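Engineer: One structure follows; several queries about it will come next.
The values are calculated or read from the model by the stated rules, or taken from the named source; none is laboratory data. Remember, predicted model here, so these are calculated numbers, not experimental data. Quick reminder, even Gly has a Cβ in these numbers, built from the backbone with ideal geometry, and neighbours come from all protein chains shown.
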Amino acid sequence: MGKNKRNNKNKNKQPPPPAAGSAGGGAAAATATATGAAKNNSNENRTIPELSYRPRRELNDLVSKLLALVEVQPENPNEEWNQYIQMHELLQRIIVLEEPIKQAVLPSEDDTSAANRLARVERFKEWAESRGVVNTAVEIATIPGYELGLKAIRDIKAEEKVISVPHHTIFSMESLPETERNLIDNFSALGNFKLVFALIIEKARGDQSAWKPYIDVLPAKYNTVLYYTPAQMQKLRRTAVCSVAVRQCRLIARQYATMYTCAHLPAKATGTEIANKGAYFTSYGLCYEVYRWAVSTVMTRQNLVPRKFQVKGASGEENVTDDEPVSALIPFWDMANHGSGRITTFFDSTAGEVSCNAQAACSAGEQFFIYYGDRTNTEFLVNNGFVDPDNRNDYVNIRLGLSPTDPLAEKRAIILAALGIERKATLRVLPAPVYIHGDLLAFVRVFNMSSEQLDHWSSNLERARDLQYIDCALETDHERSTWQYLYERLRLLLAAFDAPLPAIKDDGKDSNQDIELTIQQYRCQEKSILAGALQYVQEHCKV
Ligand SMILES: C[S@@+](CC[C@H](N)C(=O)[O-])C[C@H]1O[C@@H](n2cnc3c(N)ncnc32)[C@H](O)[C@@H]1O
């Protein structure tokens with residue numbers, strides 16, 4: 001979940017959201033049979049069904065099309081959108097064909113609805129306590145709008161230690177037996193994806209998994225963008241989050257298609273990891289549904305902890321810690337929802353546990369929140385599946401670029417480079433009181449310079465920093481064209497919000513309702529930031 005951002009060796013820190021890392025293939029060929037018979041995987045306890053010839057052939061065809069599609073880098077938002085729609089259609093057909101495999105690994109949605117998850121909490125609590133989780137102040141409960149969460153069972157004081165989870169009860173790839181760990185370690189994937197693979201292996205182990213009581217209380221479905229329908233995504237079109245969300249969907253589809261290719265179409269795979277990825281895919285019942293579930297579990301719940309922690313002997317010898325952080329799931333603690341505040345969870349290397357203190361006093365019966373870290377609402381929506389309406393760290397990214405046909409582009413690029421700004425840059429529109437980030441102001445000022453003005457500013461690049469400040473002395477015409485440009489740009493961005501969304505019925509908290517609400521909240525926050533900035537810019541246009 002990336003709830004912690006501090007870069008302190010004894011503190012958890014926020015990991016980057018899952019990113020590319022396992023695309024590519026391998027030299028050796030994985031074998032895939034298509035006999036229609038069920039095959040016992042290496043977990044012995046679970047049987048991953050093998051698809052018969054026809055559905056397998058159809059799947060091979062669909063996944064080949066999917067891979068060819070998502071390997072194309074779209075050149076503009078329209079292309080990106082069309083690719084997303086085609087990708088979604090292919091994935092829907094793939095999901096249907098893979099249903100028997102999915103059923104063997106992932107229970108149906110109903111099975112892990114909030115009520116059913118809650119029914120498993122007693123077993124989970126016993127399991128957690130037996131593994132050293134300490135909690136005397138909160139209980140897991142269903143909370144409208146949050147699914148499950150933590151509620152105070154007594155008054156809690158600010159700063160009081162509320163939950164501790166020992167290192168051995170934290171799930172990471174280090175929790176797997178050596179052979180499986182090695183299988184994953186050989187992937188050129190980022191740490192959070194290694195955790196995804198570890199979770200799939202453990203999930204496929206079913207009843208034999210030592211982590212089953214924990215895995216059983218995880219949601220079966222998430223509100224991450226991987227679960228959005230095109231109609232839902234459509235409501236985000238032309239907002240700043242749309243492209244980020246669509247890129248995330250494309251990345252995950254590409255990783256899935258790459259692994260599928262290694263397993264079932266090895267002749268088409270390239271790279272150095274074909275055998276491992278292929279074996280992994282066929283042995284642990286990987287299919288798109290299972291992959292997006294595991295990715296979403298990790299995206300919404302992960303944190304970083306030291307890779308190893310061990311107390312040597314009982315006679316008080318030194319603790320052994322390995323500070324190299326590893327992506328991990330922290331049972332029980334990860335039932336806490338996000339509320340504004342500050343990070344109060346850290347890894348206590350003396351006790352060898354994740355320790356969570358109350359960020360504020362909390363009365364009995366109230367929800368106990370933790371702070372997930374400084375993120376924008378775009379990041380919350382894409383990585384965590386919700387939006388924080390009270391987010392103090394929110395801003396809206398806008399993309400600006402120098403035109404390759406601009407004869408002065410090179411001169412402009414030199415000044416921008418002196419400011420550390422790329423030719424194609426993602427720049428911030430901020431809420432009050434700043435509104436326009438210094439880099440955005442500087443970019444637009446450079447963008448609006450004449451040839452003479454560019455020569456003037458290039459002659460003393462050390463002074464270029466002044467362009468980031470609102471009171472930088474510039475010629476009146478130049479200043480006017482800068483603010484006018486910003487005004488037009490913001491007006492255009494706000495036009496995306498003109499068409500009102502149909503009101504949503506608040507008749508319960510099913511997953512779609514949550515997604516619809518998140519979309520509305522996101523739009524509302526982005527619009528409010530842009531509208532505030534527009535008003536501010538308008539004032540400057542008058543000057
Ligand atoms: C670490 S889990 C917390 C427990 C989770 N509610 C559950 O039922 O398992 C993070 C997820 O909880 C939900 N969540 C957390 N904080 C939230 C908030 N402030 N508003 C809405 N949903 C939130 C989101 O679905 C998020 O992906």
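Engineer: Taking only the range 158-200 into account, find how many residues are within 25 Å of the chain's Cα centre (by Cα), at pLDDT 90 or above and in a loop (DSSP other than H, G, I, E, B).
Structural biologist: Of the residues in that region, 3 qualify.
Engineer: Here's another thing I want to ask about it. Tell me which residues, restricted to the range 107-135, are among the polar types (S, T, N, Q) and either in contact with an Asp or Glu (Cβ under 8 Å, 6 or more places away or on another chain) or modelled with pLDDT under 90 (or both). Step through it out loud before you land on a result.
Structural biologist: Step one: filter the range 107-135 for residues among the polar types (S, T, N, Q), giving 108, 112-113, 116, 130, 135.
Within the range 107-135, S108, T112, S113, N116 qualify.
Engineer: A further question on this structure: Within the range 347-376, take every residue that is of a type in the set (F, W, Y) and in a strand (DSSP E or B) and give me the one that is nearest to M173 (Cα to Cα).
Structural biologist: Applying the filter and picking the extreme gives F347.
Engineer: OK, next. Tell me whether the range 227-246 contains one or more residues that are free of Cβ contacts under 8 Å to residues at least 12 places away in the same chain and over 19 Å from the mean Cα position of the chain (by Cα).
Structural biologist: The answer is yes, given that some residue of the range 227-246 is free of Cβ contacts under 8 Å to residues at least 12 places away in the same chain and over 19 Å from the mean Cα position of the chain (by Cα).
Engineer: Condition (residue is at pLDDT 95 or above, within 30 Å of V241 (Cα to Cα) and part of a helix (DSSP H, G or I)) applied to the range 422-431: is it met by at least one residue? Even if it seems obvious, please write down each step before you answer.
Structural biologist: Step one: of the range 422-431, the residues at pLDDT 95 or above are 422-431.
Subset that is within 30 Å of V241 (Cα to Cα): 422-431.
Next, only the ones that are part of a helix (DSSP H, G or I) stay: none.
No: the range 422-431 contains no residue that is at pLDDT 95 or above, within 30 Å of V241 (Cα to Cα) and part of a helix (DSSP H, G or I).
Engineer: How about the range 223-275: which of its residues are more than 16 Å from the ligand (Cβ to nearest atom), in a helix (DSSP H, G or I) and farther than 19 Å from Y291 by Cα?
Structural biologist: Answer for the range 223-275, where residues must be more than 16 Å from the ligand (Cβ to nearest atom), in a helix (DSSP H, G or I) and farther than 19 Å from Y291 by Cα: P230, A231, M233, Q234, A240, C242, S243, V244, P266, A267, K268.
Engineer: Would a scan of the range 210-222 turn up a residue that is of a type in the set (V, I, T), closer than 25 Å to E289 by Cα, within 16 Å of the ligand (Cβ to nearest atom) and surrounded by 19 or more Cβ atoms within 10 Å (Cβ to Cβ)? It would help to see each step written out before you state the result.
Structural biologist: Taking the range 210-222 first, the residues of a type in the set (V, I, T) are 215, 217.
Retained after the next criterion (residues that are closer than 25 Å to E289 by Cα): 215, 217.
Right, trim to within 16 Å of the ligand (Cβ to nearest atom) and you get 215, 217.
Next, only the ones that are surrounded by 19 or more Cβ atoms within 10 Å (Cβ to Cβ) stay: 215, 217.
Yes, the range 210-222 has at least one match.
Engineer: Filter the range 402-424 for residues that are surrounded by 20 or more Cβ atoms within 10 Å (Cβ to Cβ) and without any contact (Cβ under 8 Å) to a residue 40 or more places away in the chain; which is farthest from the chain's Cα centre (by Cα)?
Structural biologist: Of everything passing the filter in the range 402-424, L416 is farthest from the chain's Cα centre (by Cα).
Engineer: Now for a separate question. Report, by residue number, each residue of the range 287-346 that is among the acidic types (D, E), modelled with pLDDT under 90 and either closer than 26 Å to E122 by Cα or not in a strand (DSSP E or B) (or both). Explain how you work it out, then say what you get.
Structural biologist: Going through the range 287-346, the residues among the acidic types (D, E) turn out to be 289, 317-318, 322-324, 334.
Right, trim to modelled with pLDDT under 90 and you get 317-318, 322-324.
Selection gives E317, E318.
Engineer: Go through (1) within 16 Å of the ligand (Cβ to nearest atom); (2) among the acidic types (D, E); (3) in contact with a strand residue (DSSP E or B) (Cβ under 6 Å, 6 or more places away or on another chain) for E147 and report which single condition fails.
Structural biologist: (3)
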